[in-house]
Amino acid sequence: MKLTIPEQELMQSGHLACQGCGATLAMRYALKALGQNTVLSIPACCWSVIDGPFPYSSLKVPIFHTAFETAASAASGMEAGLEMMGDKDTQVVAWAGDGGTFDIGIQALSGAAERNDNIMYICYDNEAYMNTGIQRSSATPRLSWTTTTPENHPKETPKKDMVGIMAAHRIPYVATCSVAYPEDMVKKVKKAKDTQGCKFIHVFAPCPTGWRSAPETCVKLARLAVQTKVFPLYEIFNGVDYKINVKPAKPKPVTEYVKLQGRFRHLTEADIKQIQRTVDWEWERLLKMAEGCEETEEKKGKKKKK
Amino acid sequence: MKKVVMGNHALSYGAMLARAQVIAAYPITPQTEVVGFLSELCADKLLDAKFIKVESEHSAMAASIGASAVGARTFTATSAQGLALMHEMLHWAVGARTPVVLGNINRAMGPPWTIWTDQNDSLSQRDTGLIQYYCESNQEVLDTVIQAFKVSENERVLLPAMIVLDAFVLSHTSEVVDMPDQELVDKYLPRRKATYRVDPKDPHSFGNLTGPDRYYELRYKIERSMREAEGLIKEADEEFDKLFGRKYGLIETHQIEDAETILVASATVAGTARTVVDELRAKGEKIGLVRVRVFRPFPFQEIRKAIENAHRVMVIDRNISFGHSGIFYQEVKAAMYNQPRRPPIFGYIAGLGGRDVTPETIAEIIEDAGKRDRSEEDIIWIGLKP
Ligand SMILES: Cc1ncc(C[n+]2csc(CCOP(=O)(O)OP(=O)(O)O)c2C)c(N)n1
Ligand code: SF4
Ligand SMILES: [Mg+2]
């Protein structure tokens, strides 16, 4: 059988994630692309637990656990330190949840991006603070339930456009990925690895525990998010040059996605229609952004380091 | 080679001579000359370091920790609000056992906005586990940066160290400084060799979840290292003396042998107190001075020995722990409580927010204490305006 993603497994069994956790799939695929020569900076998030208790670790690459808002700054420090010690090959990766990225860590991330530090920042997005028991983050979608946005007062504001914010820093590479599209994800992480400067990768990673969905639907939900255009897969080069990677020929209605999740159980038909309109509008906007952007060698991933 | 330099430049030259490899810092008055000067030293290739121009002090410390975690020699500097913003990461640097040398220019905390000196910023970090040095001269600042790297990076210690100097009184005052010879500094402080480092060739997880079954011992180990640091600070100081002909000690004593009255002070206030002591000695008064240079680890033995035979001890604090008293006072007092000989100890607060502590202020303290038999008050304010 021809394998479409690297065989190497740098993540081992024995980790502490819940069944059907998208964040673990995200790590497994990312490491396949990154390879052994990687160090991770992980702030407070589910992954600070998933890794396993001291003295164990479920990963075969080193992890430096750091404070909640410091994934990017600790990574910048590690990168600078390694460079000064003559190591220019190791890829330093900041690996953070949506809370650590969209909210408390955005300042440090913006700093690293503006300096164009040679780090890769990967945000696995499960759309809430899961580690602390499902509180809303600014990545939580509008109308979603969390413990701080109860059903009779769900979240009123839309999900923050983090990818747009990162693109606005004009960093060389920004991409969205999904745990349901491992080939696409591995390709993007490899492309990021071959790019000098600050790279931002946003991975959609369903969380059955927080989304009140069945563990076995993790990959299905991730795929539906792409097929319904709720979470499009695209890349942005140098902050302006867009490429949409998956354009669903027959997009599925958002109902199919929403109906599988307890966090949307309280939605009315009108709510779902409203969500559909927003999703369609955002998709049209994305198409417009990508209009006129040409397919270049760089986009095909042929760009070499420095 | 002698140079006339301000305290902030002495701090920067210290980092340069120590061959810091990574610097991550954010500007704040009165520390700005440190970031500016170090940027120039890096740009002019006089210092081969990566200077990460971070967007905050919180990130400055986080980046310093990251750099130290992979084994690089790391320096940062800040003051007041900046140090307070770093607080979470100071705990992190200690827990992660990442040596970093941090210069802190003592500045009073706002509000109201102020830029002048007092010690509440650094002393608020008392319980983080930072080694803390309080310097009196620019020479001492420069020398202490070099010494502090040696101690902090020692694998029996592996704790961050903070070098404290008074805002303006030292940071912006020019003094003659003897620049240590680079070759000798290299001999004294070779490149850091980190045994425990984040390394993809030897992957480990640093700082992951630790239950009550192990955390307690990890804290014990930090305390043990702090205690080890006490001896190593002295060793590093003596070795420095052999090469450069200068040493400072954990505490510095002046005229205490037969002293009945002893002043305890730190930083530049100690310099002023010394002149007052000398004047009174000339008049035949049995008075002496103890300058606390190293505040953490606290030099219990040396302080006890220095003051136990005095008839009265006055501690001058340019800081205050609200609802309690001056912080050096608390610590000196606590060090004596279980001792067989305990002189009365008086706690004076002076010079907050950069109010001048002049020889007259010190004379007033001595006079006031002379009128008291026992210290009945926990705080005695000096020079309080109505
Ligand atoms: C300064 C600080 N504030 C709050 C916390 C508590 N905390 C730990 S993880 C977390 C939420 C993490 O959410 P996210 O980044 O989305 O990761 P997830 O848990 O969802 O994987 C919070 C609030 C903390 N560790 N540090
Ligand atoms: S709470 Fe969600 S993200 Fe966290 S481990 Fe469980 S499934 Fe994964
Ligand atoms: Mg999350």
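The values are calculated or read from the model by the stated rules, or taken from the named source; none is laboratory data. Note that this is a predicted model, so its numbers are computed, not measured. Note: ideal-geometry Cβ built from the backbone for every residue, glycine included; neighbour counts use all protein chains shown. Areas reflect the complete protein model, heavy atoms only, side chains present, ligands, DNA and RNA absent. Shrake-Rupley method; radii C 1.70, N 1.55, O 1.52, S 1.80 Å.
Measuring between their Cα centroids, the range B:100-159 and the range A:72-88 lie 25 Å from each other. Distance from the Cα centre of the range B:243-310 to that of the range A:13-71, in angstrom? So the separation of the two Cα centres works out to 52 Å.
Say the cut-off is 19 Å between C-alpha atoms; which of B:K234/B:K286; B:K286/B:K385; A:K199/A:K243 go over it? Exceeds cut-off: B:K234/B:K286; B:K286/B:K385. Distance check, please: which entries in A:K191/A:K288; A:K193/B:K201; A:K2/B:K201; A:K191/A:K250 exceed 26 angstrom between their Cα atoms? Violating the 26 Å limit, Cα to Cα: A:K2/B:K201; A:K191/A:K250.
Rounded to the nearest 10 degrees, what's the angle between the helix B:359-370 long axis and the longest principal axis of chain B, both from Cα atoms, 0 to 90? Helix B:359-370 and the main axis of chain B meet at about 60 degrees. In summary, the lysines within cross-link reach of A:K160, defined as a Cα separation below 18 angstrom excluding same-chain residues under 8 places away, comprise A:K229. On C-alpha positions alone, give me the angle between the axis of helix B:267-282 and the longest principal axis of chain B, in degrees, nearest 10. Result, in degrees: 30.
Its DSSP H runs of at least 4 residues, each contributing -39,500 (n - 2.57), put the calculated 222 nm mean residue ellipticity of the protein assembly as shown at -11500 deg cm²/dmol, to the nearest 500.
Other residues with beta-carbon under 10 Å from the beta-carbon of B:T78 carry, at +1 per Lys or Arg and -1 per Asp or Glu, a net charge of -1.
Restriction of the trypsin sites (Lys or Arg not before Pro) in the range B:244-340 to DSSP coil positions whose beta-carbon has at most 11 other beta-carbons within 10 angstrom yields B:K283. Principal-axis analysis of the Cα atoms of chain B puts helix B:138-153 at an angle of about 50° to the longest axis. The chymotrypsin sites (Phe, Trp or Tyr not before Pro) found in the range B:103-160 that occupy coil by DSSP, while having at most 13 further C-beta atoms within 10 Å, are B:W113.
The listed residues B:E88, A:E114, B:E140, B:E223 rank as A:E114, B:E223, B:E88, B:E140 when sorted by accessible area, largest first, using a 1.4 Å probe. The HN-Hα couplings worked out from phi for the range B:221-230 by the Karplus form 6.51 cos²θ - 1.76 cosθ + 1.60 (θ = phi - 60°) are 5, 5, 5, 4, 5, 4, 5, 4, 4, 4 Hz, whole numbers, x standing for Gly and Pro. Taken as entire DSSP H runs, the helices of chain A that both span 24 Å or more between Cα atoms along their own long axis and average -1.0 or more on the Kyte-Doolittle scale are A:269-290. When only Cα pairs below 8 angstrom with a gap of at least 6 residues are kept, the range A:73-220 shows a relative contact order of 23 percent. Of the trypsin sites (Lys or Arg not before Pro) found in the range B:1-107, the ones in coil according to DSSP and having at most 12 other Cβ atoms within 10 Å of their Cβ are B:K45. Expressed as a whole percent, the accessible area of the range A:228-306 that falls on carbon and sulfur atoms is 53 (1.4 Å probe). Going by accessible surface with a 1.4 Å probe and the largest first, A:E298, A:E151 read A:E151, A:E298. Shown are A:M27, A:M84, whose ranking by accessible area with a 1.4 Å probe and every protein chain present, most to least, is A:M84, A:M27. Our note on the geometry: Cα centres of the range B:315-348 and the range A:239-271, 66 Å apart. Per residue, the solvent-accessible area of the range B:251-381 (1.4 Å probe, heavy atoms of protein chains only, all protein chains present) comes to 44 Å². For A:S57, the solvent-accessible surface computed with a 1.4 Å probe is close to 40 Å², ligands and nucleic acids excluded.
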